[in-house]
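S.K.: Dropping a structure here in structure tokens format, bear with me for questions.
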Amino acid sequence: MLHDLELIQVGKTYADGTKAVSDFNLKVGQGEFVAFLGPSGCGKSTTLRMIAGFEDITEGEILIKGQNVSHTPPEKRPTSMIFQNYALFPHMTVRQNIGFGLDVKGLPKAERDRKVERILDMFGLTDFADRKADRLSGGQRQRIALARGLVVEPDILLLDEPLGALDANLRRIIQNELKLLQRELGITFVFVTHAQSEALGLSDRVVVMSNGLVEQISAPKDLYLRPQTPFVADFIGNNTVIEGRARAAGLIDTAYGPIAGVGGEGASVAVIPAEAFRLAPSGAPDEIRLPGTVTFRQLVGAAGHFRVRLSDGREVKVETHSETPEARSTRPGDTITLGVDPRSVTLIAA
Ligand code: ADP
């Protein structure tokens with residue numbers, strides 16, 4: 001199958017010797033929405049800039065639709081990039097800003113105008129088309145940046161923290177718009193963010209990075225329920241991570257007794273999502289049972305947030321529905337036994 005984007009062992013060492021990215025492998029299908037997620041400095045933007053061609057790669061290859069573009073200049077690649085600060089020309093009008101990329105490509109005027117008008121209409125920007133870009137709100141500037149990226153009809157749209165400058169409300173609105181737009185256009189999106197909720201909420205697959213390395217590439221749900229490395233288990237969601245010793249495939253020994261879970265030979269760490277704990281055992285014979293004392297309880301709408309101190313003093317977070325009998329009756333100070341279905345436990349290597 002031909003992929004829209006393929007990174008093969010891509011690496012980047014900056015001139016000063018900083019190794020920003022190593023051994024990055026990724027295949028992106030046409031129309032896929034992929035997010036690069038990780039803490040600041042982990043190499044997300046460097047990778048995105050290498051895909052766009054703004055940064056040379058020092059190892060590996062980048063293919064777009066099967067073509068090796070590793071050393072192709074940015075303007076010759078079928079990509080558009082949207083920057084966090086939008087990089088609009090403040091003294092140009094909205095219409096001029098959006099048309100700029102087409103002018104660079106030397107499109108005939110009639111065709112250029114037709115494309116600009118169509119995209120102005122699509123983004124609801126027609127009424128502002130003759131206003132200067134510096135006279136617009138953050139949300140409007142965001143839309144112009146998107147329109148400017150899309151008007152050139154790229155195969156791949158690259159977005160570098162495009163919502164970072166917006167307040168929380170506007171961010172949510174634009175997130176929805178972005179997702180709808182991406183579905184409608186069927187264009188491949190590669191999106192950089194350090195915000196977990198954004199990556200998990202918007203994308204088909206998430207690439208989690210730390211220290212220049214890819215930790216895991218998974219659909220959001222799998223990232224949440226089946227973390228594959230200690231870093232991901234700690235970074236995503238609300239997991240309890242229990243270190244132990246490998247006993248057999250699917251079983252480790254821990255300070256709390258044996259813990260069974262989903263995982264291969266040699267795994268020695270159990271990862272339990274906060275949502276996997278029950279406040280009372282179900283009675284299933286293979287259930288994991290952890291005695292403890294409730295230290296915190298908060299019911300907010302449909303959600304029940306609890307904390308439970310285990311035998312060795314460790315506190316675990318428990319997320320349940322607020323409407324269950326256990327959630328309603330369990331109070332701080334109660335001695336309880338937490339129940340966990342081994343199928344919701346992931347066993348990983350240390
Ligand atoms: P992120 O986007 O995940 O925050 P970056 O890709 O911007 O991370 O940076 C990755 C690493 O490369 C960091 O250690 C950063 O300091 C370094 N870096 C980024 N740009 C340069 C540069 N032009 N020269 C040297 N080091 C750089």
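FYI, it's all coordinate maths here, none of it is from the lab. Because the structure is a prediction, the values reported are computed rather than measured. Here the Cβ is made from the backbone with ideal geometry for all residues, glycine too, and neighbour counts use every protein chain on show.
S.K.: What is the percent of Cα-Cα separations in region 5-225 that go past 23 Å? Show your work: numbers first, answer last.
M.R.: Numbers: 11313 of 24310 pairs.
The proportion of pairs with Cα distances above 23 Å equals 47 percent.
S.K.: Still on this model: Straight-line reach only, C-alpha to C-alpha below 28 angstrom: list the lysines that Lys109 could link to, leaving out same-chain residues fewer than 8 apart.
M.R.: Straight-line reach from Lys109, under 28 Å: Lys76, Lys132.
S.K.: Still on this structure, please answer the following. Checking the a/c ratio against 1.5 first, then a/b against b/c, what shape does the Cα gyration tensor give for region 73-158?
M.R.: Working: a/c = 1.68, a/b = 1.23, b/c = 1.37.
Oblate.
S.K.: Still on this structure, I have one more. Along the positive direction of the dipole of region 238-348 (beta-carbon charges: Lys, Arg +1; Asp, Glu -1; about the Cα centre), which of Pro281, Ser311, Thr240 reaches farthest?
M.R.: Most positive-ward Cα: Ser311.
S.K.: In degrees between 0 and 90, to the nearest 10, how far off the longest principal axis of the chain does helix 138-150 point, with axes built from Cα atoms?
M.R.: 70 degrees
S.K.: If you don't mind, another one. Determine the dipole magnitude for region 5-225: charges of +1 sit on the beta-carbon of Lys and Arg, -1 on that of Asp and Glu, nothing else is charged, the reference point is the Cα centre, and the result goes in debye to the nearest 20. Working shown, then result.
M.R.: Numbers: 27 positive and 28 negative charges, 108 e Å.
Dipole size: approximately 520 debye.
S.K.: While we're on this one: Add -39500 (n - 2.57) for each DSSP H run of 4 or more in the chain, then divide by its residues: what number comes out at 222 nm, to the nearest 500 deg cm²/dmol?
M.R.: Values: 9 runs with 89 residues, N = 350.
-7500 deg cm²/dmol, from helical runs alone.
S.K.: Okay, moving on. Using a ≥ b ≥ c from the Cα gyration tensor of region 238-348 (square roots of the eigenvalues), is it rounded, prolate or oblate, where a/c under 1.5 gives rounded and otherwise the larger of a/b and b/c decides, a/b for prolate? Mind showing how you got there, number by number?
M.R.: Details: a/c = 2.13, a/b = 1.88, b/c = 1.13.
Here region 238-348 falls in the prolate category.
S.K.: Still on this structure, please answer the following. Pairing the Cα long axis of helix 109-122 with the longest principal axis of the chain, what angle in degrees results, from 0 to 90 and rounded to the nearest 10?
M.R.: Tilt relative to the chain: about 30 degrees.
S.K.: Which angle from 0 to 90°, rounded to the nearest 10, does the C-alpha axis of helix 168-185 make with the longest principal axis of the chain?
M.R.: 70 degrees
S.K.: Step through the residues of region 288-301 one at a time and calculate ³J(HN,Hα) from phi using the Karplus curve (6.51 cos²θ - 1.76 cosθ + 1.60, θ = phi - 60°), rounding each to whole Hz and writing x for Gly and Pro.
M.R.: Taking θ as phi minus 60°, the curve returns 7, 10, 10, x, x, 10, 6, 10, 7, 8, 8, 9, 10, x Hz for region 288-301.
S.K.: GNM, the chain, Cα, under 10 Å: largest mean-square fluctuation among Ala249, Ala267, Ala219?
M.R.: Maximum fluctuation in the GNM of the chain, among the listed residues, is at Ala249.
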